[in-house]
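The values are calculated or read from the model by the stated rules, or taken from the named source; none is laboratory data. Because the structure is a prediction, the values reported are computed rather than measured. In this analysis, Cβ positions are derived from the backbone assuming ideal geometry, glycine residues included, and neighbour counts consider all displayed protein chains. Note: areas computed on protein heavy atoms with side chains; ligands, DNA, RNA excluded. Shrake-Rupley method; radii C 1.70, N 1.55, O 1.52, S 1.80 Å.
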Amino acid sequence: MDFYLRVCAQKPSEIVELQNDFYGEGIAAKCYQQVSLFLKTPTHLSLSFSTNIHTYTHQLCINKLNSIADNLGRNANSKPQRGTLVILGLGAGYHFNKLMSEIRYTDVIVIEPDEKHYAMACQHINFASLKAECQRRGGSLTLLNVETYQQFLSQMKQLVKKQGVHLLADISVYRHYSTPVMDRVFSEFKQWRNSFASMWGYLEDELLGLKHTCENYQHTRVGAHENIFSEFSSFPVLIVGNGPSLDKDIQHIKTQQDRALIVSCGTSLSTLMKTGVTPDFHIEMERTSVNFEIKEDELCDPRIKDVVLIALSTIYPKLMLQFDQRIIFAKGNDLGAELASLSGQGSKPLYHCNPTVTNMAVAAFLRMGFTNIVLLGCDYGYIDQHKHHSQLSSYYDPNNALSNVSFDNEMAVKGNFRPHVFTSRLFNEARSAQERLLAQYPFTEVKNASDGAFIEGTLPLKFTELSFNNSDKSALLSTVREYAGKHTGSKLDSGAHFSYAIQLLNSLKQEVDKADSVTDVISILNAFIESLRDEKDALIYELLLSGSIKYIVGTIASHINHLPLSSWTDYDVQMRKELQSMLDALMNKLSYE
């Protein structure tokens, strides 16, 4: 029976009995008291994008908008003028009205999995009136019936996708009562909020990836590489990340290097080679030239002559050509891969291959048919924020640009061998991406020997407890190198899609000019992002345009949430000028591609 039909089927006598058992006397007073406790220390996160020196078009706009907002009195720590409220549990529902009167929440998302509680709330609050109030404030009321945490993530993701990223600018989570699912939503609030506010991409990044893909296509074969080495599926593969726990295992790697395939990932190449271990494979997926420059000494080292490169087609071409033997994949959700597919030169893209090189490594080896995988130094976290990578890595070399990188204890997550470790937004997204990937390979057991974050779908096991057969890997490597040494280039045509993208941006510019208010501008930008999904070859336009616009939506929403209402008009006038300039700059970049 449908959930809402079950709500209507509840007997009044049973609702009264539940109410008495759940609250006892003074129902409204108890709800109000809980709201008062919440308001003293609200579970709330604000999203903002800082001013920095990057010259990306959207970032230059963000810098100017930040300056405008600050000059008009923005107070990032103030009670927000607008915001999103996630209510975990309705019960009698009195807290709903009280919260709406205390803070001007515009968008309310209710999670109530129990039909009896929902029926109880219907006796005390008017949902039609509350929905109308949300709409009057320029927002919406959404009721979600979720039974699992994964259902919550899926439905919230779709909601943010449909309504817009402004939902994340200021978001509160209010828990009325506990269930295992609601407790997890509450405890992992920062994790799922950060996940929804990540991986947006932006125009310049897509254009750089496309430029590299077009050049790399001329020099190598880009393929699916599916199950190409399945005859060696059981041969152990050691995927070596550069996490802090690598230090305790690196000497043991040396004793096993003749019995297993050694796979370096990004900067772990330097760490391994310092200890005399030359990997069999090396993984790369970053597209910037800096990625080559910080590892240039190792990448030009004659010892890696026979190392097989596994990479995405978006990588810096000079880095790719350092390796004679290479296996190149098309990246999932990538502009180059989409254009290659439309031109008939596409292959099955590799998904879940970012945000880190270790994600790429696991995705690639599973795709190629290997099933005996061990993770080493794939920590996705740290015990001490000052020891965030292997002590032997370039992160601790004062002459390397990586030494300027710092990490914060942004959140705590379950540890692989300990109760918890600290992690960053990027590392936590990397862990989540591994879990999504491994869920697609339920019959493959990946062993996690890293003393970092627990990865669902892996088996925690100390590296020294593993034993490998004395199998000769020479036949395997001979087969791999023969395959990876064959290169057939081709030409990739980017087509006329950029011209149409310019037309779309020009239409958006005209719509922004006609907007009635700053909140109307947000609605127009959200509608533009949503409309891209209805275009022919929709993913191309989403990849090109949506990321840069999402950053601006989040920025504008964050600013007005923390500006006095009296400053909104001035902010709107100045903001619109900068937004128009940004759209002009995006069109200009596309016109030269």
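Here the helices (runs of 4 or more DSSP H) wholly within segment 504-572 that include at least 3 residues being at pLDDT 95 or above and under 15 Å from Val160 (Cα atoms) are 518-532, 547-561. With Asn75, Asn63 as the choices, which residue is open to solvent by less than 60 Å² (accessible area, probe 1.4 Å), under 29 Å from the mean Cα position of the chain (by Cα) and at pLDDT 90 or above? After ruling out the rest, the residue left standing is Asn63.
Of the numbered criteria (1) open to solvent by 40 Å² or more (accessible area, probe 1.4 Å); (2) in a loop (DSSP other than H, G, I, E, B); (3) touching a Ser or Thr at 6+ places or on another chain (Cβ under 9 Å), the one Arg104 fails is (3). Residue selection: Asn372 fails the criterion of being open to solvent by 10 Å² or more (accessible area, probe 1.4 Å), under 25 Å from the mean Cα position of the chain (by Cα) and either over 30 Å from Phe189 (Cβ atoms) or without any contact (Cβ under 8 Å) to a residue 24 or more places away in the chain (or both).
Filtering segment 366-387 to residues that are closer than 22 Å to Phe422 by Cβ, out of contact with any Pro (no Cβ under 7 Å at 6 or more places or on another chain) and not in a loop (DSSP other than H, G, I, E, B) leaves Leu375, Leu376. Does Phe323 satisfy the criteria of being assigned to a loop (DSSP other than H, G, I, E, B), open to solvent by less than 10 Å² (accessible area, probe 1.4 Å), touching a Leu at 6+ places or on another chain (Cβ under 9 Å) and of a type in the set (Phe, Trp, Tyr)? Against the criterion (assigned to a loop (DSSP other than H, G, I, E, B), open to solvent by less than 10 Å² (accessible area, probe 1.4 Å), touching a Leu at 6+ places or on another chain (Cβ under 9 Å) and of a type in the set (Phe, Trp, Tyr)), Phe323 qualifies. One residue stands out among those in segment 144-187 that are open to solvent by less than 20 Å² (accessible area, probe 1.4 Å) and assigned to a loop (DSSP other than H, G, I, E, B): the one that is farthest from Val413 (Cα to Cα), which is Gly164. Residues in segment 288-320 that are modelled with pLDDT of 95 or more, outside any strand (DSSP E or B) and touching a strand residue (DSSP E or B) at 6+ places or on another chain (Cβ under 9 Å): Val307, Ser313, Thr314, Ile315, Tyr316, Leu319, Met320.
Here segment 232-272 is the region considered, the condition is being of a type in the set (D, E, K, R) and touching a Leu at 6+ places or on another chain (Cβ under 9 Å), and the residue that is nearest to Asn469 (Cα to Cα) is Asp249. Check whether at least one residue in segment 438-458 is exposed (fewer than 12 other Cβ atoms within 10 Å of the Cβ) and closer than 19 Å to Thr371 by Cα, and report yes or no. Within segment 438-458, one or more residues are exposed (fewer than 12 other Cβ atoms within 10 Å of the Cβ) and closer than 19 Å to Thr371 by Cα. Has segment 478-492 got at least one residue that is among the charged types (D, E, K, R) and in contact with a His (Cβ under 6 Å, 6 or more places away or on another chain)? There is no residue in segment 478-492 that is among the charged types (D, E, K, R) and in contact with a His (Cβ under 6 Å, 6 or more places away or on another chain).
Of the listed requirements (1) open to solvent by 30 Å² or more (accessible area, probe 1.4 Å); (2) in contact with a helix residue (DSSP H, G or I) (Cβ under 7 Å, 6 or more places away or on another chain); (3) outside any loop (DSSP other than H, G, I, E, B), Ala363 misses just one: (1). Has segment 52-59 got at least one residue that is more than 25 Å from Leu141 (Cβ to Cβ), outside any loop (DSSP other than H, G, I, E, B), at pLDDT 90 or above and in contact with a Ser or Thr (Cβ under 8 Å, 6 or more places away or on another chain)? For segment 52-59, residues more than 25 Å from Leu141 (Cβ to Cβ), outside any loop (DSSP other than H, G, I, E, B), at pLDDT 90 or above and in contact with a Ser or Thr (Cβ under 8 Å, 6 or more places away or on another chain): present. For segment 123-143, which positions are outside any helix (DSSP H, G or I), free of Cβ contacts under 8 Å to residues at least 40 places away in the same chain and within 22 Å of His559 (Cα to Cα)? Passing the criteria: only Ser140.
I'm trying to understand the selection: among the residues of segment 553-592, which are touching a residue at least 60 places away in the same chain (Cβ under 8 Å) and basic (Lys, Arg)? If the condition is that a residue be touching a residue at least 60 places away in the same chain (Cβ under 8 Å) and basic (Lys, Arg), then Arg576, Lys589 are the ones that fit.
Determine, yes or no, whether Tyr94 is open to solvent by less than 20 Å² (accessible area, probe 1.4 Å), in contact with a Cys (Cβ under 9 Å, 6 or more places away or on another chain) and aromatic (Phe, Trp, Tyr). Considered against the rule, which asks whether it is open to solvent by less than 20 Å² (accessible area, probe 1.4 Å), in contact with a Cys (Cβ under 9 Å, 6 or more places away or on another chain) and aromatic (Phe, Trp, Tyr), Tyr94 comes out as no.
Against the list (1) out of contact with any Gly (no Cβ under 9 Å at 6 or more places or on another chain); (2) exposed (fewer than 15 other Cβ atoms within 10 Å of the Cβ), the condition Ser343 fails is (1). Limited to segment 388-430, what total is found for residues that are in contact with a Phe, Trp or Tyr (Cβ under 9 Å, 6 or more places away or on another chain), open to solvent by 50 Å² or more (accessible area, probe 1.4 Å), touching a residue at least 40 places away in the same chain (Cβ under 8 Å) and of a type outside the set (A, V, I, L, M, F, W, C)? Residues that pass the stated criteria total 2. In segment 465-501, how many are more than 21 Å from Ser343 (Cα to Cα) and either in contact with a helix residue (DSSP H, G or I) (Cβ under 8 Å, 6 or more places away or on another chain) or surrounded by 13 or more Cβ atoms within 10 Å (Cβ to Cβ) (or both)? Within segment 465-501, residues that are more than 21 Å from Ser343 (Cα to Cα) and either in contact with a helix residue (DSSP H, G or I) (Cβ under 8 Å, 6 or more places away or on another chain) or surrounded by 13 or more Cβ atoms within 10 Å (Cβ to Cβ) (or both) number 11. Considering only segment 207-216, I want to know if a residue exists there that is over 20 Å from Leu543 (Cβ atoms) and either of a type in the set (A, V, I, L, M, F, W, C) or open to solvent by 30 Å² or more (accessible area, probe 1.4 Å) (or both). No, that holds for no residue. Among the residues in segment 235-257, are any modelled with pLDDT of 90 or more, out of contact with any Pro (no Cβ under 8 Å at 6 or more places or on another chain), of a type in the set (Phe, Trp, Tyr) and not in a loop (DSSP other than H, G, I, E, B)? No, segment 235-257 contains no residue that is modelled with pLDDT of 90 or more, out of contact with any Pro (no Cβ under 8 Å at 6 or more places or on another chain), of a type in the set (Phe, Trp, Tyr) and not in a loop (DSSP other than H, G, I, E, B).
The sole residue among Lys514, Lys550 that is out of contact with any Pro (no Cβ under 8 Å at 6 or more places or on another chain) and surrounded by fewer than 20 Cβ atoms within 10 Å (Cβ to Cβ) is Lys514.
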